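Single-structure report; data block below.
Read-outs: derived from the displayed coordinates by stated rules, not from any lab. Since the structure is predicted, the reported quantities are computational estimates derived from the model, not experimental observations. We place every Cβ from the backbone using ideal geometry, glycine too, and count neighbours over all the protein chains shown.
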């Protein structure tokens, strides 16, 4: 399995050839070049996840190379190689956007070396995926309605919306709380001939039963205590446009009867008035309940059901269309970046795994709330698991990802180090001082490495 595409840049060809060999043994795809100039050409034509570059190179050093790269590439991770005493240069590169640095000679026995390489590649892949998702969002036909999806079932429903929107028929939208029923209702309205007229959304569950009739049909001054002036009801206010009644199952039976008469006649009377008012309004309703079950329980009128359900749209819950989660999550990141003036680049892979594994009882609305909170708490440019609600972290099945190093890796590490040390001793004819300068390390450090790998410099002086 290809773990990532790496470009090695160093004017020491023997070093990068040896480095390439060990990386390839660990299933990385590796290219090498001795000059930053050639590296920039490759990076303009090929997609790399990571660049590992030496700091000290003739004509263009690692810092200058990184600055040139960032002019046209913001997603490929960059790790700088530095020798003893030049850490400040590496830190300078990190301020310019380098992911991290590695000290020469590289100790492949150290787990942190592989951790840095793996995390750099994962960050690059994450940034590329986020850019891809942003481009997909831009292409979505229903972006203007904030219906963000790549799910086949939702896309099929949206095609139905396009077909029914111009027709003056009632629509019943079914789905759990938070799936986006009102967004669908708005899309129908805005694609209809009524788009320039009012769209009035009302949640029936939020209106007291005692005042629901007055709210729906309006009243005449003096019709009851507190009726100090004539007032239009919400049906009349929606004249010419669309009235969206959410949670229609919460409407009391007596109001259901009066609402049914309006649907049949298109006429209303305000409370306390004998005057008949004709109202031309399209009705879209929604519910998170099973209306047919309510009918069987005597809580909803069957004749009203068939009046409001000329066409039924059933929106699946988020847990049944998890392929939309990455797209929606990144859309919300962009939304809150604009709202709060933040610059969050995306969501880490571990965080996305948690989002994908969660059940989302509150659906898209809950996801939006979670991302909003994460954007507020994020202390970097990536949303991490620590920024999520603890409920999401704890509910997901924990997976351990220990960094395990096989005997094979140790063998190849030793093989690389032996080859590298013998190469520099061969070049300097066994001169330890010159070899340490060539390797970019202290003489004492080189002697320790030679002792560790059982290499005698005397053999190269003959």
Practice item. Identify the residues of the range 440-454 with backbone N under 16 Å of a label point that sits 7 angstrom from the Cα of residue 107 along the Cα-to-Cβ direction, or state none. Key: 441-453
**Study point:** Per-peptide average of other Cβ atoms within 10 Å, ordering 220-226, 442-448, 279-285 highest first
**Key:** 279-285, 442-448, 220-226
Exercise for review: Any chance you could check the Cα centroid distance between the range 7-56 and the range 310-330 for me, in angstrom?
Suggested key: 43 Å
**Study point:** Identified option (computed mean projected area of the Cα convex hull in nm²; candidates (i) 23.1; (ii) 29.4; (iii) 24.6)
**Key:** (ii)
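Please give the peptides 48-54, 180-186 ranked by average Cβ packing (other Cβ atoms within 10 Å per residue), highest first, as a rough proxy for protection.
Most protected by this proxy first, the peptides run 48-54, 180-186.
Sorting 333, 91, 161 on the 10 Å Cβ count, fewest up front, what's the list?
Fewest-to-most Cβ neighbours within 10 Å comes out as 91, 161, 333.
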Review point. Taking the Cα centre of each part, how many Å lie between the range 142-201 and the range 263-305?
Key: 21 Å
Point to revise | Order of 219, 63, 306 - criterion: other Cβ atoms within 10 Å of each residue's Cβ, fewest first | key: 306, 63, 219
Check your understanding: Extension gain residue 227-residue 442, at 0.36 nm per residue separation less the Cα-Cα distance, in nm?
Key -> 68.2 nm
Review point. So what's the angle, to the nearest 10 degrees on a 0 to 90 scale, between helix 325-340 and the longest Cα principal axis of the chain?
Key: 90 degrees
Exercise for review: Would you mind checking the tilt of helix 253-265 against the longest principal axis of the Cα atoms of the chain, expressed as 0 to 90 degrees and rounded to 10?
Suggested key: 80 degrees
Review point. At residue 169 and residue 394, where each label point lies 7 Å from the Cα along Cα→Cβ, what is the point-to-point distance in nanometres?
Key: 4.8 nm
Study note, to complete from the structure: If 459, 215 are placed from fewest to most neighbouring beta carbons inside 10 Å, the sequence is 459, 215
**Study point:** Cα-Cα separations in the range 319-395 greater than 15 Å, expressed as whole percent
**Key:** 47 percent
Check your understanding: Helix 111-139: angle to the longest alpha-carbon principal axis of the chain, degrees 0 to 90, nearest 10?
Key -> 40 degrees
